[in-house]
Amino acid sequence: MIRTGLIWSGLAIAAMLGTLIWAWSALPTGVNIPVHWGPSGEADGFATRDKALLILAILPASAIFTSFLLAAAPYLDPFKANLQRSRQAYTAIWAGSMVLLAALTAGIALMMTRGANGATDSNEFVRFVMAGCGVLFVIIGNYLPKTRKSFFLGIRTPWTLTSDYTWEKTHRLVGPLYIAAGLIGIVLAFTMTGIWLALSFTGVILGVSLFGVAYSWWVWRNANDRNEGADYVV
């Protein structure tokens, strides 16, 4: 599980570093480089070439940090055996996150170079970012019902972590809801624009997540295996 995840991380980080090298050679000097884009995709923040490259380097640095955390998590989780049983989900989410970061790095580098060379259109990049997030949530939703109780994977509430029955019921319901939310996000990415796109997709994901939390409490109330220790009194 960890080895496979690190392979995905290595490939993604190598691609991101390659993108960084390409951006270093492609970005012109002496001009303002776009480094921030509003919800419409139009540039609204600029920096020097060196600062732009430093900002772009944050993404591969984040990927490296995230990879270390994901590699360490199986050793830190009190439910190590359960996380091992959920290895397919863990690896898929790990790989999906790395691919999304690599694609995001490439897209931002492309927008920087286009903007530095006079392009003024939004390149529809915001749409593709939202669509990519939608795909990731489809992947997450597909694997959620196959996970077992863990501190580092799944919907972790005081109720799912103290009842196997509650964990299973919650993830079997919320998994398909995340798939639906991801598909809705993909549709929204190509049918809406600007701030409404970001707000709508965020609202859908937040709504499903909050429902999952509330549902886990509702199921836990009648779970025969629930833990009613001092920290979990409702």
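Miscellaneous remarks
- Segment 50-60 - residue that is hydrophobic (A, V, I, L, M, F, W, C), over 16 Å from L100 (Cβ atoms) and without any contact (Cβ under 8 Å) to a residue 24 or more places away in the chain and, of those, surrounded by the most Cβ atoms within 10 Å (Cβ to Cβ): I55
- With respect to the stated conditions, P78 fails to be more than 23 Å from D164 (Cα to Cα) and either of a type outside the set (S, T, N, Q) or under 21 Å from the mean Cα position of the chain (by Cα) (or both).
- Any chance D50 is acidic (D, E) and at pLDDT 85 or above: yes
- Checking each residue in segment 111-127 for being part of a helix (DSSP H, G or I) and either at pLDDT 85 or above or over 21 Å from F201 (Cβ atoms) (or both) picks out M111, M112, T113, R114, G115, A116.
- Among helices (runs of 4 or more DSSP H) entirely within segment 13-110, having at least 3 residues that are of a type in the set (D, E, K, R) singles out 49-56.
- Hey, V174 surrounded by 15 or more Cβ atoms within 10 Å (Cβ to Cβ) and either part of a helix (DSSP H, G or I) or touching a residue at least 12 places away in the same chain (Cβ under 8 Å) (or both) or not: yes
- Positions within segment 160-171 being of a type outside the set (S, T, Y) and surrounded by fewer than 24 Cβ atoms within 10 Å (Cβ to Cβ), in sequence order: L161, D164, E168, K169
- Cβ-Cβ under 8 Å pairs, at least 6 apart or on other chains, segment 1-17 side in contact (Cβ under 8 Å) with a residue 12 or more places away in the chain, far side polar (S, T, N, Q) and surrounded by 20 or more Cβ atoms within 10 Å (Cβ to Cβ): G5/S67; L6/S67; S9/S67; I13/S67; A15/T105; M16/T105
The values are calculated or read from the model by the stated rules, or taken from the named source; none is laboratory data. Note that the coordinates shown come from a computational prediction; the quantities given were computed from them, not determined experimentally. Neighbour counts are summed over all protein chains in view; Cβ atoms, including those assigned to glycine, are modelled from backbone coordinates with ideal geometry.
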